[in-house]
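Visitor: Questions regarding the structure given below will be posed in turn.
The values are calculated or read from the model by the stated rules, or taken from the named source; none is laboratory data. Predicted, not measured: the structure shown is a model, and the values here were computed from it. We place every Cβ from the backbone using ideal geometry, glycine too, and count neighbours over all the protein chains shown. Note: accessible area is taken over every heavy atom of the protein model, side chains too, but ligands, DNA and RNA are not part of it. Shrake-Rupley method; radii C 1.70, N 1.55, O 1.52, S 1.80 Å.
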Amino acid sequence: MAEKVEGLIKAKGARCAFPINICVNSQAAHYTPLKNDSLRFSRGDLVKLDVGVHVNGCIADTATTVEISTSNWNDLLRASSDALDCALEMLVPGIEVSSLGAAIENAISSHGFRPIKNLTGHSMEKNNLHAGITVPNITSRDRSSLKPGMAVAIEPFATDGKGQVGDGKGGNIYRVIRERKLSKDDANVFLKDVVKNHDHLPFASRWCAEFSDDYLSLIKKHWMHRNLRSYAILSEVAGGMVSQAEHSALFLDDSVLIYTR
Ligand code: MN
Ligand code: MN
C-alpha cells in the first residue's frame, strides 16, 4: 500500500515530503513499512494514514483514519474529524494557536475522548516540515498567532487512553541531520545519494534499497555516527486507541486556503 500511494504521488509529478505513515490502533505516528514488510491489516484495525507531498519543497501534509471492515470506533473517528473541522472553520489571518487548541480539546472532550497533548500541528516552510510554530491539541498559553504567508498543518489526535504518546521502537523513518564523513567511501557515497534524492526531509529505509544492497547496515552506520536521526514509533502510553485527522492551511492576506481538501 505504501508503494502504491508513494508511486501515485510521483506519477502526479510531486514528491514525498516524508514516507507514508501507516499506524494501527494505539500507534499514533511514525511507522512506515520495511521493504517486503509482512505486516497485514486485520479486521477491526483502526488505521491512520498520514501523507506528505512536496512540489519544489512546498509541503502539503494530510491524514485520515479508517477502520478495517468494522465500525466499532465511529465516535472516536468523529472526535478527531469534528475537532479538525471546528479548527478549520475558525481560521482567519492572525488567529492565536491557543484558541485553536482550546477548540480542538473541547470538540474531542464533547465526544467523551481525550486529545493527545504531546502531539501538535505545525508550521511548514520550504523543505522544512516542522518549521517552529506548533498548533496544540489542548488548551495552552502559547500566544503565537498564524499570519499571512504561513503554511500550517492542523492535526487533532483523539484517544480513549491517557491522552499522551511515548517513544517505542524505530519506525523505519530517518532524516539526515549532518553529513560528517565516515572512513568507508561507499558509506559516504550512500549518504550523498540520500541527500540528493530526499534533501533533509524524512525518508524511509526502503527508499534506500536503490542506492545499495547493503542499505540497512549503511543506515545503521550513519545513525550510529549521528548523521541520521531515527524516528521512534509514537504510541498511546495507556494503550488507548488513537484517531487522527489533518489538513494543511495557507494563510493569505485576508483569507485562508485549505489546500489539502
Ligand atoms: Mn501528517
Ligand atoms: Mn503534520
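Visitor: From the list L182, L201, which residue is open to solvent by 10 Å² or more (accessible area, probe 1.4 Å), modelled with pLDDT under 95 and touching a Leu at 6+ places or on another chain (Cβ under 9 Å)? Walk me through it before giving the result.
Guide: Values: L201 fails: open to solvent by 10 Å² or more (accessible area, probe 1.4 Å).
Among L182, L201, only L182 is open to solvent by 10 Å² or more (accessible area, probe 1.4 Å), modelled with pLDDT under 95 and touching a Leu at 6+ places or on another chain (Cβ under 9 Å).
Visitor: While we're looking at this one, here's another question. Does V47 satisfy the condition of being touching a residue at least 24 places away in the same chain (Cβ under 8 Å), aliphatic (A, V, I, L, M), under 22 Å from A131 (Cβ atoms) and away from ligand 2 (no atom under 16 Å from the Cβ)? Show your work before the answer.
Guide: Details: touching a residue at least 24 places away in the same chain (Cβ under 8 Å): yes; aliphatic (A, V, I, L, M): yes; under 22 Å from A131 (Cβ atoms): no; away from ligand 2 (no atom under 16 Å from the Cβ): yes.
So V47 does not fit the description; no.
Visitor: Suppose the filter is of a type in the set (F, W, Y) and either within 16 Å of ligand 2 (Cβ to nearest atom) or open to solvent by 70 Å² or more (accessible area, probe 1.4 Å) (or both); does F157 pass it? Reasoning before the result, please.
Guide: Working: of a type in the set (F, W, Y): yes; either within 16 Å of ligand 2 (Cβ to nearest atom) or open to solvent by 70 Å² or more (accessible area, probe 1.4 Å) (or both): yes.
Taking the combined requirement at face value, the residue satisfies it.
Visitor: May I ask you to verify whether L84 is within 15 Å of ligand 1 (Cβ to nearest atom), over 30 Å from V195 (Cα atoms) and open to solvent by less than 20 Å² (accessible area, probe 1.4 Å)?
Guide: On the way: within 15 Å of ligand 1 (Cβ to nearest atom): yes; over 30 Å from V195 (Cα atoms): yes; open to solvent by less than 20 Å² (accessible area, probe 1.4 Å): yes.
Yes; evaluated as a whole, the condition is true for this residue.
Visitor: Okay, next question. Does A131 count as within 12 Å of ligand 2 (Cβ to nearest atom) and modelled with pLDDT under 95?
Guide: Taking the combined requirement at face value, the residue satisfies it.
Visitor: Working only within region 153-192, note down all residues that are under 27 Å from C23 (Cα atoms) and of a type in the set (K, R). Spell out the reasoning first.
Guide: From region 153-192, those under 27 Å from C23 (Cα atoms) are 153-177; that's our starting set.
Residues satisfying the conditions are K162, K169, R175.
Visitor: When the residues of region 233-254 are filtered to those that are more than 16 Å from ligand 1 (Cβ to nearest atom) and touching a Pro at 6+ places or on another chain (Cβ under 9 Å), which remaining residue is least open to solvent (accessible area, probe 1.4 Å)?
Guide: Restricting attention to region 233-254, the residues satisfying the condition of being more than 16 Å from ligand 1 (Cβ to nearest atom) are 235-241, 251-254.
Next, only the ones that are touching a Pro at 6+ places or on another chain (Cβ under 9 Å) stay: 251-254.
Values: F251: 2, L252: 69, D253: 131, D254: 135 Å².
Going through the qualifying residues, I end up with F251.
Visitor: Same structure again: Return the residues of region 54-77 that are away from ligand 1 (no atom under 16 Å from the Cβ), open to solvent by 40 Å² or more (accessible area, probe 1.4 Å) and assigned to a strand (DSSP E or B); say none if nothing qualifies.
Guide: Result: V55, single match.
Visitor: Moving on. Quick one: in region 27-53, of everything that is open to solvent by less than 40 Å² (accessible area, probe 1.4 Å) and assigned to a loop (DSSP other than H, G, I, E, B), which residue is farthest from W207 (Cα to Cα)?
Guide: G44
Visitor: Hey, could you check region 103-131 for residues that are without any contact (Cβ under 8 Å) to a residue 60 or more places away in the chain, assigned to a loop (DSSP other than H, G, I, E, B) and within 16 Å of ligand 1 (Cβ to nearest atom) and say which is least open to solvent (accessible area, probe 1.4 Å)?
Guide: Among those that are without any contact (Cβ under 8 Å) to a residue 60 or more places away in the chain, assigned to a loop (DSSP other than H, G, I, E, B) and within 16 Å of ligand 1 (Cβ to nearest atom), it is A131.
Visitor: Can I ask one more? Contact list please: Cβ distance under 9 Å, first residue in region 205-217 and under 14 Å from L191 (Cβ atoms), second residue open to solvent by less than 30 Å² (accessible area, probe 1.4 Å) and polar (S, T, N, Q), pairs at least six apart or on different chains.
Guide: Going by the 9 Å Cβ cut-off, the qualifying pairs are S205/T32; S205/N172; Y215/S205.
Visitor: Something else: For region 163-203, enumerate the residues that are polar (S, T, N, Q) and closer than 30 Å to N106 by Cα.
Guide: First, pick out the residues of region 163-203 that are polar (S, T, N, Q): 164, 172, 183, 188, 197.
Q164, the sole residue that qualifies.
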